[in-house]
Amino acid sequence: MRRCAYIWFVLMLGTLCSAQTMVYLEHSNTLSFDEQRLPDAQILKGDVVFRHDSAWMYCDSAYFYEKDNSIDAFGHIRFEQGDTLFGYGDKLFYNGNTRLARLCRNVRLVHNSTILTTDSLNYNRTSNLAYYFTGGTIRDSLNTLTSIWGQYSTSTYKAFFRDSVRLLNDRFTLTSNTLHYNTQTHIADIVSPTEIIYEKETTIHTSKGWYNTATEHSMLLNRSLIVHNDGKTMTGDTIFYDKKQGFGQALQRIALTDSVQKATLYGNYGEMYEQHSRGFVTDSALWVDWADSDWVYVHADTIYTCEIPYQKDSLTDTVYHFLRAHYGVRMYSIDLQAKCDSMTYTDNDSIVRLFTEPVCWNENSQISADQIDIYLKDSTIDHIVGTANALAIQQETDDYYNQLSGKEMTAYMRNGELEHVVVDGNARTIYYPTDKGEYIGMNTSESSSVTIFVEDNTIERVLFLNQPQGTIYPLDQVPNGADRLAAFFWADDERPKLPGDVFLKPQRKQKNN
């Protein structure tokens, strides 16, 4: 046990002695003493050179405290360690025991291609750390970084900045309060609220992540925000962003917003391509149009948007906006609700197209067809066209349904309410006429074309293009099943009645015959 303790003591003593090697005076033009003014100091002048381990120090004059193993050096300071580290300044204090160098005034530390400039610098040769605390600048081959307090490791090439941090690049400026940076990889580790500005292009707001200033790739965490000067933004809990390629990939609680078009795409996974402003979201995808007071909500499995360039006229090149949603589309607005398998929208013709078993609802009316096209005018619904197997139903009571079917149907709207409906091709109708508010029977008819006029959601009159074939039944003499067209189904339970209902997935029931 004693032998082990003795060996440990010898090893520690050897380590201590090796750490406290002596500072040697290699050259000086003159050497003198002044015991009254500078006791224990050697006063050196002219081409003074010191050596400590692998470090060399040059100066115009110095005080050498041999007993303390330290020096005070003045004028044209040059500090060298190997062939990769050089320090310059007007004044140097160096302690050989602690291996701490303090450079003052016009300080410059050069490490390979990295240059640190400041007015006061401490350099610890044991930890290979240089740090300043009154303001400094670090430059490498790509960037210039400034801060009030900074630290740089010559072993790892890692720098740590705090207080008024600013990173300048030919393409962008980064500002922060705290930043980690590697001068070899040119990667900045973001650990506090940070802003990255590409002048007249893009601004990034984040508080955590990393940014590769060489490749302009970044990983942004903690719900970061990318803002483009054309009014488009991307928000997400996690964003991978490639600025050079103009590509962003986001995860969790995503929002892609176009403040010019006043629309936002939400979801939990999304991608954005700056070229043609292409983007898509999936996983709880939701498109919200907030251009008017009547907001429109569209949910689907996946929603795409993009801008398509076209020539508006012989002199004007412009773009139109395209939206595509597919798989399980559900839409809600105050004036119209709808569901289908897929839909498209283009603002150059202002047409919303619904595909695969589409159904639309307005007030107490329902329209279905193989395809439905919704025509907008000044952001409001002008008319709706149902093509092939078109069916319109208006609920009068729990038992009475006005019905209209044909090959093609056009429903015209005014102020958000149904005004009249035109059916062409094999038009069939079932409706309940009234007299003084009382139902007087059930009317059935067949014709090549029919127009039904509606006022206050009530059928006012029916106009046939040619002589119809039909029957009027008293209410108590309607044959069993005659009150329903062959294609009849009423799907009010599938209808989104609130914005949040677009995320519900009620299964379509069998058609009620």
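The values are calculated or read from the model by the stated rules, or taken from the named source; none is laboratory data. All values reported here derive from a predicted model rather than from experimental measurement. Here the Cβ positions follow ideal geometry from the backbone for every residue, glycine too, while neighbour counts run over all protein chains shown. We work out accessible area using only protein heavy atoms, side chains counted, and drop any ligands, DNA or RNA first. Shrake-Rupley method; radii C 1.70, N 1.55, O 1.52, S 1.80 Å.
Here is how the numbers come out for the structure above:
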read-out	value
Efficiency of FRET from Cβ geometry, Ser141 and Asp60, R₀ 30 Å, rounded to 0.05	0.40
At most 10 other Cβ within 10 Å, DSSP loop - GluC sites (Glu not before Pro), region 123-232	Glu199
Cut-off 19 Å (backbone N to label point 7 Å along Cα→Cβ of Val319), residues of region 338-369	345-351
Per-pair calculated FRET efficiency, R0 = 25 Å: Asp399 and Gln469 via Cβ, rounded to 0.05	0.50
Placed amide H near Val319: partners under 5 Å, 5+ positions off or other chain	Tyr310
Charge tally in the Cβ shell below 12 Å around Phe50, where Lys, Arg are +1 and Asp, Glu are -1, Phe50 excluded	-4
Cβ-defined net charge surrounding Ala388, 13 Å radius [Lys, Arg +1; Asp, Glu -1]	-4
Rounded percent of accessible protein surface that carbon and sulfur make up, the chain, 1.4 Å probe	50
Residue order for Ser147, Ser28 - accessible surface, 1.4 angstrom probe, largest first	Ser28, Ser147
Mean separation of Cα contacts under 8 Å (6+ apart) over length of the chain, as relative contact order %	4
Burial ranking of peptide ranges 182-192, 381-391 (average Cβ count within 10 Å, highest at the top)	381-391, 182-192
Difference of contour (0.36 nm per residue) and Cα-Cα distance, His76 to His27	16.1 nm
Å² per residue, accessible surface of region 25-158 at 1.4 Å	47
Degrees, to the nearest 10: 2-19 long Cα axis against longest axis of the chain	90
Accessible-area value, Phe133, 1.4 Å probe, nucleic acids and ligands omitted, Å²	100
Residues of region 315-422: accessible area per residue with a 1.4 Å probe, Å²	42
Cross-link reach list, aspartates and glutamates versus Lys312, counting only Cα pairs under 15 Å and skipping chain neighbours closer than eight places	Asp347, Asp349
Exposure ranking of Asp40, Asp398, Asp90 by accessible area [1.4 Å probe, largest first]	Asp398, Asp40, Asp90
Ranking by accessible area, most exposed first, for Arg428, Arg484 with a 1.4 Å probe	Arg428, Arg484
Surface accessible to a 1.4 Å probe, Trp290 within the full protein complex, Å²	70
Potential lengthening between Thr175 and Asn124 on full extension [0.36 nm per residue; Cα-Cα distance subtracted]	15.6 nm
Candidates per GluC sites (Glu not before Pro) in region 22-84, loop by DSSP, up to 10 other Cβ within 10 Å	Glu35
Virtual spin-label span in nm between Thr156 and Asn389, 7 Å along Cα→Cβ	6.7
Local electrostatic count, Cys104, Cβ distance below 13 Å [Lys/Arg +1, Asp/Glu -1]	+1
Ellipticity estimate at 222 nm from DSSP helix runs (n ≥ 4, -39,500 (n - 2.57)) divided over the chain, nearest 500	-1000 deg cm²/dmol
Set of lysines with alpha-carbon distance to Lys200 below 22 Å, sequence-local pairs under 8 removed	Lys232, Lys243, Lys244, Lys262
Simple spin-label estimate for Gln36 and Ile351 in nanometres, 7 Å along Cα-Cβ	10.7
R0 of 45 Å, Cβ-Cβ distance Thr98-Tyr273: FRET efficiency to nearest 0.05	0.20
Sparse-neighbourhood loop sites, trypsin sites (Lys or Arg not before Pro) in region 15-76 - DSSP loop, at most 14 other Cβ within 10 angstrom	Arg37, Lys67
Structure-derived Cα extents along the principal axes in Å: which label, when the choices are (1) 69, 64, 42; (2) 131, 73, 33; (3) 94, 85, 38	(2)
Protection proxy ranking, peptides 93-105, 455-467, 494-506, average beta carbon neighbours within 10 Å, highest first	93-105, 494-506, 455-467
